[in-house]
Amino acid sequence: MSLHLIRPHYPCEPIRTVAKLAAALGIEEAALEQLSLRANTMYRENHITKAGKTRLTFDAKGLLKVVHERIKTRILSRVDFPPYLHGSLKGCDYVTNATLHTNKKIIICEDVKNFFPSIRSELVMDIWQNFFLFSEDVARVLTAITTKDSAIPQGAKTSSYLANLVFWRVEPYLQARLAQDGITYSRYVDDIAMSAKSFISKPFQKRVIGQVYGMLIKHGFSPSRKKHEVFSDSGVMMVTKLIVNRKPSLTRQKRANIRAQVHRATTQSESIPALNKAAQMVGLLGRFHPGEATKLKPNIQKAKIYVGKVSENL
């Protein structure tokens, strides 16, 4: 039986010269060449701490940020991405990714270790030159502009799109082979999930996992073996930190944390920013558990009115 391949596809005419690339990005050719030479230094570091772990991200500055936005909107966002990719794409997120794996008997989750730093310049060059079919000179300029220290910088506007394309050669074959065996495959950035509506044996699970690891290793990546997880429907099943036994939902602990945050903000805080943050968390809760969110919203509204009146009297 032949495989049904669903590949990413770039429907536009390939860019063959740096002059045409510059025109497409609305910048002078000389300025674009100069930007490619100094792009490596045009980032601001951000250290984001969450759940006790610090993650390093980067914001492009000045002209580089402008050009990144144009590369994203004028080139990268025109790619037709397959439905098994969900990372930072229009209409896709961690929820749509998790939804693919609801009501399944078994779920296998894998994580790619040091994903963004492992997407090296050679892989990016391959994307620009062999996926987009841009000329070598154009690919060279775009690679220089979209990488930092020979890897794609996490946080840059172009990086999530390039991350979705990093396995463009083999991922369609992996997904198709798994689908032929009744297994649903998806990837949300560096989180890979596979699920089946019927039980699969341990040897078959190992074969499936081996195919994923083979794809990663072939491209110079390492699986994060400590994050390898297998869930069955006899217990709680998780994909991208959401429970997916029946429909995507937050864990009890997450819901309790949101209620506690709302309580603190509405009873102890006189800060509108704190109340706004609590309101955002209630909005998150409402996406999965609208009934619980409805009960919390009036408390935040009352607290905002009270804080507003206090501020007027100061």
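What to note about this one:
- Selection status of residue 144, of a type in the set (Gly, Ala, Ser) and buried (at least 23 other Cβ atoms within 10 Å of the Cβ): no
- The set of residues in segment 169-181 being open to solvent by 50 Å² or more (accessible area, probe 1.4 Å) and either assigned to a loop (DSSP other than H, G, I, E, B) or closer than 10 Å to residue 84 by Cα (or both) consists of 169, 181.
- Subset tally (residues that are part of a helix (DSSP H, G or I) and either open to solvent by 80 Å² or more (accessible area, probe 1.4 Å) or out of contact with any helix residue (DSSP H, G or I) (no Cβ under 6 Å at 6 or more places or on another chain) (or both)) for segment 36-57: 4
- Filtered by the rule that a residue be more than 22 Å from residue 82 (Cα to Cα), within 18 Å of the chain's Cα centre (by Cα), among the β-branched types (Val, Ile, Thr) and in a helix (DSSP H, G or I), segment 100-153 gives a lone residue, 146.
- Counting only residues that are small (Gly, Ala, Ser), assigned to a loop (DSSP other than H, G, I, E, B) and open to solvent by 60 Å² or more (accessible area, probe 1.4 Å), segment 1-35 holds 1 of them.
- Any hit, segment 88-98, residues being small (Gly, Ala, Ser), assigned to a helix (DSSP H, G or I) and touching a Pro at 6+ places or on another chain (Cβ under 8 Å): yes
- Only one of the numbered conditions (1) assigned to a helix (DSSP H, G or I); (2) open to solvent by less than 20 Å² (accessible area, probe 1.4 Å) is not met by residue 192, and that is (1).
The values are calculated or read from the model by the stated rules, or taken from the named source; none is laboratory data. Keep in mind that what you see is a predicted model, and the values were worked out from it rather than measured. Quick reminder, even Gly has a Cβ in these numbers, built from the backbone with ideal geometry, and neighbours come from all protein chains shown. Just so you know, the surface numbers come from the protein's heavy atoms only, side chains and all, with ligands and any DNA or RNA stripped out. Shrake-Rupley method; radii C 1.70, N 1.55, O 1.52, S 1.80 Å.
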